[in-house]
Amino acid sequence: MGKRPAGGRRAHILAAAAELFAEHGYRGVTIDDLGRAVGTTGPAVYRHFAGKEALLGQVLVDISVRLSEQGEELLARAEDPDHALDLLLRGHIAFSLDEPALITVHDRELGNLTPQDRARVRRLQRGYVEQWVGVLADLRPEEPRNALRASVHAVFGLLNSTPHSRGTVRRDAMARLLFAMGRSALTAGREAPGQNDT
């Protein structure tokens, strides 16, 4: 087998770190644990990251970048605000179902970031929330934006609950349930034309 590309090794370390941080907590994981998880030594991890704190920062920044970029791509494909909301919901639901470790780490370890990484994550998160708020403002123009923003945060809490419910029902059934609940909450009192959940 050939040598793992540098980018592949870095991604491998990030994925392993997310799993370890989710299972044991940031403070319960050592640099040697991280090295063993990817088949190397702890000090070898320093070739890719300055340390455990930098690694946590990259894990959490990457989540925010991925969601923000995904949101931009989905909005660019949307035919109208209803379609945009469907795409955003399905995109976030797929993330929440497929990446429960990342959600756990984000919820639990944000306070362990450096001030610089925390500020970057918060900035990216605000941008992602505003993507949703912009869609809701088109669908519910009578609502003040702060109420729409509160709705988005509440629905994120619902969609990001998957680490607690994982495995209780089949993935496709859970995706349909989250979509129905999320859409109902975000469009309360408004019937979506042509709505479907396929």
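Out of everything in the range 117-154 that is β-branched (Val, Ile, Thr) and touching a residue at least 60 places away in the same chain (Cβ under 8 Å), what residue ends up being farthest from residue 66 (Cα to Cα)?
135
Take the residues of the range 149-195 that are among the β-branched types (Val, Ile, Thr) and within 18 Å of the chain's Cα centre (by Cα): which is modelled with the lowest pLDDT?
Step one: of the range 149-195, the residues among the β-branched types (Val, Ile, Thr) are 152, 155, 162, 168-169, 187.
Next, only the ones that are within 18 Å of the chain's Cα centre (by Cα) stay: 152, 155, 162.
Working: 152: 97, 155: 97, 162: 84.
That would be 162.
Checking the conditions here, which among 74, 67 is under 30 Å from residue 20 (Cα atoms) and at pLDDT 95 or above?
Only one candidate passes the filter, namely 67.
May I ask you to verify whether residue 183 is in a helix (DSSP H, G or I) and under 16 Å from residue 68 (Cα atoms)?
It is false that residue 183 is in a helix (DSSP H, G or I) and under 16 Å from residue 68 (Cα atoms).
Under 7 Å by Cβ, and 6 or more places apart or on different chains, what pairs join a residue from the range 35-51 that is within 10 Å of residue 12 (Cβ to Cβ) with one that is crowded, with 16+ Cβ neighbours inside 10 Å and modelled with pLDDT of 90 or more?
37/16; 37/20; 38/12; 38/13; 38/16; 48/13
Can you tell me which residue within the range 106-134, out of those that are among the hydrophobic types (A, V, I, L, M, F, W, C) and closer than 13 Å to residue 63 by Cα, is surrounded by the fewest Cβ atoms within 10 Å (Cβ to Cβ)?
Ranking the qualifying residues of the range 106-134, first place goes to 110.
Only residues that are open to solvent by 10 Å² or more (accessible area, probe 1.4 Å) and β-branched (Val, Ile, Thr): list them for the range 39-62, please.
40, 41
Listed residues 8, 35, 111, 39; which is more than 26 Å from residue 176 (Cβ to Cβ), among the small types (Gly, Ala, Ser) and not in a helix (DSSP H, G or I)?
On the way: 8 fails: not in a helix (DSSP H, G or I); 35 fails: not in a helix (DSSP H, G or I); 111 fails: not in a helix (DSSP H, G or I).
Residue meeting the stated conditions: 39.
Scan the range 24-34 for residues that are exposed (fewer than 14 other Cβ atoms within 10 Å of the Cβ) and touching a residue at least 40 places away in the same chain (Cβ under 8 Å) and report the count. Don't jump to the end; show me each part of the working.
Kept after step one, since they are exposed (fewer than 14 other Cβ atoms within 10 Å of the Cβ), are these residues of the range 24-34: 24, 27-28, 30, 32.
Restricting the remaining residues to those that are touching a residue at least 40 places away in the same chain (Cβ under 8 Å) gives 27.
Final tally of qualifying residues: 1.
Could you tell me how many of the residues in the range 77-105 are open to solvent by 40 Å² or more (accessible area, probe 1.4 Å) and either touching an Asp or Glu at 6+ places or on another chain (Cβ under 8 Å) or assigned to a helix (DSSP H, G or I) (or both)?
Looking only at that region, the number is 5.
The values are calculated or read from the model by the stated rules, or taken from the named source; none is laboratory data. Here the structure is a predicted model, which is why all the values come from computation and not from measurement. Neighbour counts are summed over all protein chains in view; Cβ atoms, including those assigned to glycine, are modelled from backbone coordinates with ideal geometry. For the accessible areas, the whole protein counts, side chains as well, though only heavy atoms, and no ligand, DNA or RNA atoms are used. Shrake-Rupley method; radii C 1.70, N 1.55, O 1.52, S 1.80 Å.
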